[in-house]
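Throughout, read-outs are computed from the coordinates displayed, never taken from laboratory work. Quantities reported herein were computed from a predicted structural model and do not represent experimental measurements. Cβ: placed from backbone, ideal geometry, glycine included. Neighbour counts: every protein chain shown.
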Amino acid sequence: MIHALSPSALRERAAAHRAMAIAALRADSALSVRLKRYNAAMTKARTLDAQAASAEGNRLSALYPHSEG
């Protein structure tokens, strides 16, 4: 079963991943490790933001369908 998250829940998760990305940069690890963790977290955050935008667009399309003229 697939659980769909609301756009606001997706945005909250994206914000959490952005926070993890900043924390990764400040960690006491090798620079290459910090950069790898930062990039992974930011990629996830961007993906979640895109999913939220898509979900919002789908919701708006359902509310306001385009009329063909």
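Grab the other residues whose beta carbon is less than 10 angstrom from that of residue 48, score K and R as +1, D and E as -1, and report the net. Kindly include the intermediate steps, with their values, before the conclusion.
Working: positive: 11, 13, 18, 44, 46; negative: 12, 49.
Taking every other residue near residue 48 into account, the sum is +3.
Note down the nm distance, to one decimal, between modelled labels 7 Å out along Cα→Cβ at residue 46 and at residue 33.
About 2.5 nm, to one decimal.
Show me the ranking of peptides 18-27, 42-51 by mean Cβ neighbours inside 10 Å, starting with the highest.
The most tightly packed comes first, giving 42-51, 18-27.
Among rounded, prolate and oblate, which fits the range 5-46 when a ≥ b ≥ c are the square roots of the eigenvalues of its C-alpha gyration tensor, a/c under 1.5 means rounded, and a/b larger than b/c means prolate?
prolate
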